[in-house]
1. Cβ-Cβ under 7 Å, sequence separation 6+ or interchain: first residue in the range B:70-93 and farther than 30 Å from B:L12 by Cα and loosely packed, with under 14 Cβ neighbours inside 10 Å, partner modelled with pLDDT of 95 or more and small (G, A, S). Which pairs?
2. So which residues in the range B:25-55 are at pLDDT below 90, in contact with a strand residue (DSSP E or B) (Cβ under 8 Å, 6 or more places away or on another chain) and open to solvent by 10 Å² or more (accessible area, probe 1.4 Å), if there are any at all?
3. Filter the range A:55-97 down to residues that are in contact with a Gly (Cβ under 6 Å, 6 or more places away or on another chain) and more than 8 Å from chain B (Cβ to nearest Cβ), then give me how many there are.
4. If I go through the range A:1-46 residue by residue, how many of them are part of a strand (DSSP E or B), of a type in the set (V, I, T) and without any contact (Cβ under 8 Å) to a residue 24 or more places away in the chain?
5. When the residues of the range B:98-116 are filtered to those that are without any contact (Cβ under 8 Å) to a residue 60 or more places away in the chain and among the charged types (D, E, K, R), which remaining residue is least open to solvent (accessible area, probe 1.4 Å)?
6. Given the criterion among the polar types (S, T, N, Q), over 10 Å from the mean Cα position of the chain (by Cα) and open to solvent by 20 Å² or more (accessible area, probe 1.4 Å), identify the matching residue among A:T10, A:T73.
7. Can you pull out every residue in the range B:1-15 that is in a helix (DSSP H, G or I) and farther than 23 Å from B:R59 by Cβ?
8. Checking the structure you have, find out if any residue of the range B:17-25 is within 27 Å of B:V93 (Cβ to Cβ) and more than 14 Å from every other protein chain (Cβ to nearest Cβ).
Amino acid sequence: MELDPEGVETAALAAIAPDLHGRRVLEVGCGSGRLTRRYAARAGEVLAIDPDEAAIATFRTGMPSALRAHVSTQAGTLATLGLPDGSFDVVLLAWSL
Amino acid sequence: MVDALRRAHEWLRPAGILVDIRPTAEPAYLEVQLASGIVVAGRVSDISDQAGPNARHARADTALAMALNRGWFVSERHLEFSFLRYADRIAEVRNHVRGEWMGARIDDEALDRAARLQATEPGARLRLREQIGIGRLRPVRDTGH
């Protein structure tokens, strides 16, 4: 299927979070990176997580080279992720709550 | 779900934001895009009251309301929009709902109606329309958990 060819989701995200420049983002529920690819170029550093290891592997394999420098991925959930408090400027719950 | 929001609260910097993007509890619809306009063929339903996307999204709404009531976040802005998935064949729609939307079903009657409508016009496309909410929330500090 062709998903959101009009880019409505990306526009809504830009309206809600207009200033991602230089921001550290935690994306929860990244899947194979469909949404990440659409905003990550505007962000500083992105940690994208998803419990589906196969989806994470697909994301890693297909990640555009321009994003590799500042997007990292990890298989896991909020419950399994050990992170220090106050680590992120943006937590993005991507279709995952 | 509430625990996920608690962790998000902890991991955010004081001036950070939580962005919550997900479908609303409104059902998704199967539509046919014709030259004359959009025709609704049917809707995607939960397989039961407890299992399915609509029930799941309603539970997420409840969890978010709890996080707001506990003073972890304040809501700053909320928008809604239609998220569209396009397909050329009924089988694509059926397989997508079966494979991607856990606990959801789409009636054969709706699929048949869509197929009949699509057959009336070359180039007619099928689409699933889902209502999505996106919210920006600001963490509140010193509330305790």
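1. So the pair list comes out empty.
2. B:E26, B:P27, B:S45, B:D46, B:I47, B:P53, B:N54, B:A55
3. So the answer is 2.
4. Taking the range A:1-46 first, the residues part of a strand (DSSP E or B) are A:2-3, A:24-28, A:45-46.
Retained after the next criterion (residues that are of a type in the set (V, I, T)): A:25, A:28, A:46.
Those left that are additionally without any contact (Cβ under 8 Å) to a residue 24 or more places away in the chain: none.
Total meeting the criteria: 0.
5. The qualifying residue least open to solvent (accessible area, probe 1.4 Å) is B:D112.
6. Values: A:T73 fails: over 10 Å from the mean Cα position of the chain (by Cα).
Within the list A:T10, A:T73, the selection yields A:T10.
7. At the first step, the residues of the range B:1-15 found to be in a helix (DSSP H, G or I) are B:2-11.
Matches in the range B:1-15: none.
8. Taking the range B:17-25 and keeping what is within 27 Å of B:V93 (Cβ to Cβ), we get B:21-25.
Next, only the ones that are more than 14 Å from every other protein chain (Cβ to nearest Cβ) stay: none.
No: zero hits.
The values are calculated or read from the model by the stated rules, or taken from the named source; none is laboratory data. Keep in mind it's a predicted model, so treat the numbers as computed, not measured. Neighbour counts are summed over all protein chains in view; Cβ atoms, including those assigned to glycine, are modelled from backbone coordinates with ideal geometry. The protein model used for the area step is the full one, side chains on, heavy atoms only, and it has no ligands, DNA or RNA in it. Shrake-Rupley method; radii C 1.70, N 1.55, O 1.52, S 1.80 Å.
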